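Remarks on the structure that follows.
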Ligand SMILES: O=C(O)CCC(=O)C(=O)O
């Protein structure tokens, strides 16, 4: 991401491509506040979180922290941040009031961070209509070597693809036969700290493993559902419970 996108183009690009890059969404001072809050969160709050909200590449090694879910539920600063500028942008992009569903932390530790399978977030969300989006804000310099997000431009226009269970912790579903006969261009999206990506819940995306030897690849994710989206809460809850039971049995949680 090299130069700021004019505000007027952001929605048009989102609608056309299914994703948009917003360079320097957060500037240095606010980024430092986020970093300080995150560091405190990891040290003080994580020990009291339910296991289903914290994933490690190796649960016996706290240095391999991979994902935290629902940060906004556990911290006032994150809640306020989530519900201000990201929410306002989400409303603009979706064209309707939104509900903040999840503020996530993602990391791919150097050498260990696994690939993110190609997927559409809407498959996990189980909503109808599929009116939702995810924002992804880099906290580290992210490039092709340490696993930047890669979008299939325009893929949100092609509907929902079949998914199947993966063994990737935190990304339990991936598109069946992804990569065979794809017609959409794949766009890698390198990002600097504070740069934001926003994608529609139908946009296909994936990320490679972190192949760098020393560089972490940290980010925050913000999920918003449009007010018009109805979730199949019964199926969603049942899936989450089954997944957590499986991960617990596999010794991953
Ligand atoms: O950080 C990643 O590798 C993937 C994030 C993602 O798929 C998402 O936020 O929807």
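Each reported figure results from applying straightforward, stated rules to the coordinates on display, with no laboratory input. Keep in mind that this is a model prediction, so the values were computed, not measured. Every residue, glycine as well, gets a Cβ built from its backbone with ideal geometry; the counts of neighbours run over all protein chains shown.
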Restricting the range 170-201 to residues that are more than 12 Å from the ligand (Cβ to nearest atom), within 17 Å of the chain's Cα centre (by Cα) and part of a loop (DSSP other than H, G, I, E, B), the one surrounded by the fewest Cβ atoms within 10 Å (Cβ to Cβ) turns out to be 192
Taking the range 204-253 and keeping only residues that are more than 12 Å from the ligand (Cβ to nearest atom), outside any strand (DSSP E or B) and touching a helix residue (DSSP H, G or I) at 6+ places or on another chain (Cβ under 7 Å), one is left with 244, 253
For the range 55-74, how many residues are in contact with a helix residue (DSSP H, G or I) (Cβ under 6 Å, 6 or more places away or on another chain) and closer than 25 Å to residue 26 by Cα?
5
Take the residues in the range 55-107 that are free of Cβ contacts under 8 Å to residues at least 12 places away in the same chain and within 30 Å of residue 214 (Cβ to Cβ); name whichever of them is farthest from the ligand (Cβ to nearest atom).
60
Please work out if residue 25 is touching a helix residue (DSSP H, G or I) at 6+ places or on another chain (Cβ under 8 Å) and not in a helix (DSSP H, G or I).
yes
Given (1) free of Cβ contacts under 8 Å to residues at least 60 places away in the same chain; (2) touching a strand residue (DSSP E or B) at 6+ places or on another chain (Cβ under 6 Å); (3) within 16 Å of the ligand (Cβ to nearest atom); (4) part of a loop (DSSP other than H, G, I, E, B), identify the lone condition not met by residue 144.
(1)
